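Asker: I'd like to ask you about the structure that follows.
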Amino acid sequence: MIDAKGPFPVLVSACLLGVNCRYDGGHSLCQELVRFLPRIWAVPVCPEQMGGLPTPRPPVDIVGGNGVDVLNGSARCISRTGEDVTRAFIKGAQEALKLARIAGANLFLGKGRSPSCGVRTPYCEGPDGEGLGVTVALLRQEGMEVLELDPEGPLPTSALMKYL
Ligand code: SF4
């Protein structure tokens, strides 16, 4: 008989786990997160790859707002080579949400400073110069909690423990 209880499912930006999915072909491994892995069931997602974008790829800015505005159609995701990749960003966010639902995850650990996974990404035209990435905007819209991780910084352990 299968025991349905297990580690708490958490959606995680794949680059934080060492996957080479960043725009530049590298990763953003967070050693603190790796040390925490026995406590959670980490479900890795890279929304930009899952939206169909290649790796490496040109970096992207959100033009006309932030991730919330992309979802409501008033902002666009434009690569530094001028390509409009808005559809790929939205598709990647939807795929990440799909995986969260399959896994039963209500928490996303997102890599900071990303136009997809960041909570306060500078790569947008927010009023204060920082805004939500597209995937974060969709996951929050769907009721998920999001914590932003700096791969070099400390793990927000106390915030995390609230969910475990
Ligand atoms: S921040 Fe998100 S979209 Fe960017 S490489 Fe990491 S997982 Fe992929």
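Asker: Against the longest principal axis of the chain, how steep is helix 86-103, in degrees 0 to 90 to the nearest 10, with axes from Cα atoms?
Answerer: Between the helix axis and the principal axis of the chain, the angle is about 10 degrees.
Asker: Thinking of the range 95-138 as a set of Cα atoms, what percent of all their pairs are more than 15 Å apart?
Answerer: That fraction is 42 percent.
Asker: What residue among Val19, Gly73, Gly110 has its Cα farthest toward the positive end of the dipole of the chain, where the charges are +1 on Lys, Arg and -1 on Asp, Glu, each on the Cβ?
Answerer: Val19
Asker: Compute the FRET efficiency between Ser74 and Arg35 as 1/(1 + (r/R0)^6), taking r as their Cβ-Cβ distance and R0 = 45 Å, and round to the nearest 0.05.
Answerer: Numbers: r = 41 Å, r/R0 = 0.91.
The computed FRET efficiency comes out at 0.65.
Asker: Would you pull out the residues with amide H under 5 Å of Ala75's amide H, same chain only if 5 or more places away, H placed 1.01 Å from N?
Answerer: For Ala75, whose amide H was placed from the backbone, the distant partners under 5 Å are Val70.
Asker: Counting other C-beta atoms within 10 Å, and keeping those with at most 16, which DSSP coil GluC sites (Glu not before Pro) do you find in the range 129-164?
Answerer: Taking the range 129-164 and a limit of 16 other Cβ atoms within 10 Å, the loop GluC sites (Glu not before Pro) found are Glu130, Glu142, Glu152.
Asker: Continuing with the same structure: Ordered by residue, what ³J(HN,Hα) values in Hz, to whole numbers, does the range 119-136 give under the Karplus form 6.51 cos²θ - 1.76 cosθ + 1.60, where θ = phi - 60° and Gly and Pro are x?
Answerer: With the stated coefficients, the range 119-136 comes to 8, 10, 6, x, 8, 8, 10, x, x, 9, x, 9, x, 6, x, 5, 5, 4 Hz.
Asker: I'd like the GluC sites (Glu not before Pro) in the range 39-126 restricted to DSSP loop residues with at most 14 other Cβ atoms within 10 Å, sorted by number. Write down the numbers at each step before the final one.
Answerer: On the way: sites: Glu48, Glu83, Glu95, Glu125; in loops: Glu83, Glu125.
Qualifying residues, ordered by number: Glu83, Glu125.
Asker: Still on this model: Any idea how many Lys pairs in the chain come in under 20 angstrom at the alpha carbon, given 8 or more places apart or on separate chains?
Answerer: On the way: Lys5/Lys162; Lys91/Lys111; Lys98/Lys111; Lys111/Lys162.
Close lysine pairs under the 20 Å cut-off: 4.
Asker: Determine the principal axes of the Cα atoms in the chain, then give the extent along each, sorted from largest to smallest and rounded to whole angstroms.
Answerer: 52, 30, 29
Asker: Given H placed 1.01 Å from N in the peptide plane, which residues other than close sequence neighbours of Phe8 have an amide H under 5 Å from its amide H?
Answerer: For Phe8, the qualifying residues are Trp41.
Asker: Any idea what the relative contact order of the range 8-161 is, in percent, if you count C-alpha pairs under 8 Å spaced at least 6 apart? Present the calculation step by step, with values, prior to reporting the outcome.
Answerer: Values: 351 pairs, mean separation 37.6, N = 154.
Reported as a whole number, the value is 24 percent.
Asker: When the Debye formula is applied to the Cα atoms of the range 68-119, each taken as the same point scatterer, what base-10 log of I(q)/I(0) results at q = 0.23, 0.26, 0.32 Å⁻¹?
Answerer: For the requested q values the scattering log ratios are -0.99, -1.14, -1.25.
Asker: Also, I was wondering about something else. In whole Hz and in residue order, list the ³J(HN,Hα) couplings for the range 27-36 that follow from phi through the Karplus curve 6.51 cos²θ - 1.76 cosθ + 1.60, θ = phi - 60°; x for Gly and Pro.
Answerer: 10, 10, 3, 10, 4, 4, 5, 4, 5, 8
Asker: In debye to the nearest 20, how big a dipole does the chain give about its Cα centre with +1 on each Lys and Arg Cβ and -1 on each Asp and Glu Cβ? The partial results should precede the final answer.
Answerer: Details: 16 positive and 17 negative charges, 90 e Å.
It comes to approximately 440 debye.
Asker: So what J values fall out for the range 144-157 if you push phi through Karplus, 6.51 cos²θ - 1.76 cosθ + 1.60 with θ = phi - 60°, rounded to Hz, Gly and Pro as x?
Answerer: Once θ is set to phi - 60°, the couplings for the range 144-157 become 7, 8, 10, 10, 8, 10, 9, x, 8, x, x, 6, x, 4 Hz.
Asker: Tell me the trypsin sites (Lys or Arg not before Pro) within the range 4-81 that lie in a loop according to DSSP and have at most 10 other beta-carbon atoms within 10 Å.
Answerer: Answer in residue order: Lys5.
Read the figures in this text as sums done on the coordinates, not as results from a lab. Values in this document were obtained by computation on a predicted structure and should not be read as measured data. Here Cβ is always computed from backbone atoms with ideal geometry, including for glycine, and neighbour counts include all displayed protein chains.
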